[in-house]
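Working notes, beginning with the structure itself.
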Amino acid sequence: MQSSSMKREISEAHDTIRFGINAGVKADLAPPHPLQSTIQSETKFWADKKKFGTDAIYGSALNIRKDLDAQILSRFQRPPGALPSSLLGYEALTGSLDDFGFEDYLNMPHDSDSFRQPDMHHGMEVRLGLSKGPICPNFN
């Protein structure tokens, strides 16, 4: 039973060439590193504690407003073109402006030799549904 999609079925044997060495059911459920689950649970714990504190002090309307603002700011994106979307408002709201991780400076697409400048007009046509294809093809 071969399908054209790259989905894995539980009953199928593990294909190491397509999915990698650790890509079993356990790898889908567990994070890539044990410390990552600890960091995620710690972050969620402190976010819930902070929400409970603001709820007790200011009432539930402030938390609802913060959640709505986060939903609005997480969807805001700059039109495709020379500058990528940074979601600056969402990062300022969540406080993640102070975090500087590896993804901020490693493996940047514009540092690649095969990077092509995105076409803004084609990107907007794709976003509006007027044409098909990737919004900004980066590789030749």
**OP:** Please find, among Ala70, Ala47, the residue that is in a helix (DSSP H, G or I), in contact with a helix residue (DSSP H, G or I) (Cβ under 8 Å, 6 or more places away or on another chain) and not acidic (Asp, Glu).
**Re:** Ala70
Subject >> Restricting the range 103-121 to residues that are out of contact with any Cys (no Cβ under 8 Å at 6 or more places or on another chain) and closer than 30 Å to Asp69 by Cα, the residue that is modelled with the lowest pLDDT >> reply: Pro109
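Every residue, every condition in (1) of a type in the set (D, E, K, R); (2) within 23 Å of the chain's Cα centre (by Cα); (3) closer than 15 Å to Thr94 by Cβ, yes or no:
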position: Gln36; (1), (2), (3): no, yes, no
position: Gln40; (1), (2), (3): no, yes, yes
position: Asp48; (1), (2), (3): yes, yes, yes
position: Ile57; (1), (2), (3): no, no, no
position: Ser60; (1), (2), (3): no, no, no
position: Arg65; (1), (2), (3): yes, yes, yes
position: Ala70; (1), (2), (3): no, yes, yes
position: Phe76; (1), (2), (3): no, yes, yes
Original post:
So which residues in the range 103-119 are over 15 Å from the mean Cα position of the chain (by Cα) and assigned to a helix (DSSP H, G or I)?
Top reply: Pro109, His110, Asp111
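Here is a check on your reading of the model: is Ile64 exposed (fewer than 10 other Cβ atoms within 10 Å of the Cβ) and in a helix (DSSP H, G or I)?
On the way: exposed (fewer than 10 other Cβ atoms within 10 Å of the Cβ): no; in a helix (DSSP H, G or I): yes.
Considered against the rule, which asks whether it is exposed (fewer than 10 other Cβ atoms within 10 Å of the Cβ) and in a helix (DSSP H, G or I), Ile64 comes out as no.
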**OP:** Confirm whether Phe100 is assigned to a loop (DSSP other than H, G, I, E, B), modelled with pLDDT under 85 and under 22 Å from Lys44 (Cβ atoms).
**Re:** yes
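The values are calculated or read from the model by the stated rules, or taken from the named source; none is laboratory data. Computed from a predicted model, the values in this text were never measured in an experiment. Note that we place each Cβ from the backbone using ideal geometry, even for glycine, and neighbour counts take in every protein chain shown.
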